[in-house]
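Colleague: My questions will all concern the structure given below.
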Amino acid sequence: QVQLVESGGGLVQAGGSLRLSCTSSGSIFSYQSMGWYRQAPGKQRELVAAITSDAGTNYADSVKGRFTISRDSAKNTVYLQMNSLKPEDTAVFYCHFLIRFHNYWGQGTQVTVSS
């Protein structure tokens with residue numbers, strides 16, 4: 001059973017930085033992608049960034065140049081470094097792993113950016 005544990009959310013002022021981490025509690029022998037989604041109040045969940053098993057990355061246009069996704073495969077961990085945060089980045093951020101075409105989600109971590 002794959003369980004994802006997130007950490008690193010919190011409250012930060014606009015222009016500040018946060019780093020999110022997500023680790024699988026179980027062993028992952030292979031995965032297709034790891035990534036982060038976010039959901040702001042009243043809005044649909046959206047992809048923020050993803051990284052594939054061959055290290056390809058994909059970012060939402062709104063975070064390009066500010067956010068960086070990375071992984072440590074040996075630790076089954078994915079990171080999201082968020083710089084130059086804006087109030088509109090405020091949302092619950094969810095970790096996502098795609099493993100053998102099954103979707104796994106973290107519990108969500110709140111990121112709040114004050115103006």
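The values are calculated or read from the model by the stated rules, or taken from the named source; none is laboratory data. Everything numeric here is computed off the predicted structure, so don't read it as measured data. Cβ: placed from backbone, ideal geometry, glycine included. Neighbour counts: every protein chain shown. These area figures cover heavy atoms from the full protein model, side chains too; ligands, DNA and RNA do not enter into them. Shrake-Rupley method; radii C 1.70, N 1.55, O 1.52, S 1.80 Å.
Colleague: Can you tell me which of (1) within 21 Å of Val12 (Cβ to Cβ); (2) out of contact with any strand residue (DSSP E or B) (no Cβ under 6 Å at 6 or more places or on another chain) is the one Cys95 doesn't meet?
Modeller: (2)
Colleague: Please pick out the residue among Gln39, Gln44 that is without any contact (Cβ under 8 Å) to a residue 24 or more places away in the chain, over 11 Å from the mean Cα position of the chain (by Cα) and closer than 21 Å to Gly9 by Cβ.
Modeller: Only one candidate qualifies: Gln44.
Colleague: Additional query: Looking at region 52-89, which of its residues are within 15 Å of Gly35 (Cβ to Cβ), in contact (Cβ under 8 Å) with a residue 40 or more places away in the chain and hydroxyl-bearing (Ser, Thr, Tyr)?
Modeller: Answer for region 52-89, where residues must be within 15 Å of Gly35 (Cβ to Cβ), in contact (Cβ under 8 Å) with a residue 40 or more places away in the chain and hydroxyl-bearing (Ser, Thr, Tyr): Thr77, Tyr79.
Colleague: Further, regarding this structure: Please give the strands (runs of 3 or more DSSP E) falling wholly within region 1-108 in which 3 or more residues are open to solvent by 70 Å² or more (accessible area, probe 1.4 Å). Give the steps one after another, and end with the answer.
Modeller: Numbers: elements: 4-7, 10-13, 18-24, 33-39, 46-52, 57-59, 67-72, 77-82, 91-99, 102-105.
Once the strands (runs of 3 or more DSSP E) in region 1-108 are filtered for at least 3 residues that are open to solvent by 70 Å² or more (accessible area, probe 1.4 Å), what remains is 102-105.
Colleague: A further question on this structure: Quick one: would you say Gly108 is small (Gly, Ala, Ser) and either farther than 12 Å from Leu4 by Cβ or at pLDDT below 95 (or both)?
Modeller: Here the answer is no, as Gly108 does not meet what is asked.
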